[in-house]
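Taking it in order: structure first as structure tokens, then the write-up.
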Amino acid sequence: MTSSDTATPEPAASTLEYAITRIGDHFIDVIYFDLGRYLMAAGALTLFLLVFRSWSEARRIQRKRRASRGDYIREVLSSMRTVIVFALVTLVILMGREVGLIGLKLERVPMLTVAWQFALIVLVHDAYFYWIHRAMHTRALFRISHLHHHKSRTPTPWAAYSFATLEAVVEAAYLPLFLIVTSLFGIQYAGIAVLVFLWHMIIRNVMAHAGSELFPAGWVDNPLTDWISTTTHHDLHHSSGHNYGFYFTFWDRAMGTEHPRYKEEFRNNARPLFEGFPLRKFSRSSAEKVGVMVTALLAATTAVNGWLFAVDPTFI
Ligand SMILES: [Zn+2]
Ligand SMILES: [Zn+2]
């Protein structure tokens, strides 16, 4: 072997072999990233609802019905399947970046760029979600795609990813499709904007399935906030239909699919934000509860801290 041989990096034996090696290298990271997001968001909200039980019970949406133990088990188990689908799609995005199909910038970008890219990706996702959701409610598609999600009639935060495989694929397909199309227009998306989008998506998703109204009283009566959908909005979709939108109320209003009693129901469920919060009489027992909550959250964060490294430029 000559010195010039050693100076030249070995080319991959074949593209396929190279791809398989890359996938093998990163699959665990990607699972960690997608699983961590779900567990942290659903876990944190569940803890919050439990610790501040009187606060959440006062805002309970379905007062006569409770999720059963079987509901929780089904929601968590089927969400694990969705995590695997999401992780595979995340891998497809990373591989798409490697082959130049997706322009994804993993280095630092200005905050303003992150802000407009985040806003665009959320707005387009809201439209995508509304229309695939309407499609999945048609007679031809409901059973094979969306019936599983509607087994949760009284949803819990764990229902956020409770999808049949087909629905998980359709839901996960949005991000690579969006990135491929924007790349065709020459837009290099910032990895951090995608990361903020993914976190915003799971947080809004668990909030929509909280079972208690998390938004404060007056939300639907203020034009500055009424365009953002609430927990009651999606809860009504599970209990009695209508309301196909995700983040916003635009599409349901434009297409006439909003629940006719949405605002009335919201006003029945919502309370002023701090009403019932143990702020004034902060007893020893509530201090202990907060301590347990913070410790559990820190432990969970430490356990899944891989999510930050997942967008490190050295990740790929
Ligand atoms: Zn639905
Ligand atoms: Zn739902």
Quiz prompt | Label-point gap, in nm, between His200 and Leu184 - each point 7 angstrom along Cα→Cβ | solution = 2.4
Quiz item: Kyte-Doolittle mean at least -1.0 and Cα extent at least 27 Å along the axis: which DSSP H helices of the chain qualify?
Solution: 15-51, 69-98, 111-136, 165-184, 284-303
Exercise. Using a/c under 1.5 as the rounded threshold, could you call the stretch 119-217 rounded, prolate or oblate? The axes a ≥ b ≥ c are square roots of the C-alpha gyration tensor eigenvalues, and prolate needs a/b larger than b/c, oblate otherwise.
Key: oblate
Quiz prompt | Under 13 Å from the Phe277 label point (7 Å along Cα→beta-carbon), backbone N, the stretch 208-236 | solution = 215-217
Practice problem: Return, ordered by residue number, the residues of the stretch 161-180 whose backbone nitrogen is under 12 Å from a label point located 7 Å along Cα→Cβ of Ile144. | Solution: 166-167
Practice problem: Report the label-to-label distance for Ala115 and Arg261 in nanometres (one decimal), using points 7 Å from each Cα along the Cα→Cβ vector. | Solution: 4.2
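A short reminder: the numbers here are calculations on the coordinates, not readings from a lab. Predicted model, so just to flag it, every value in this text is computed and none were measured. FYI the Cβ positions are ideal-geometry reconstructions off the backbone, even for glycines, and counts take in every protein chain you see.
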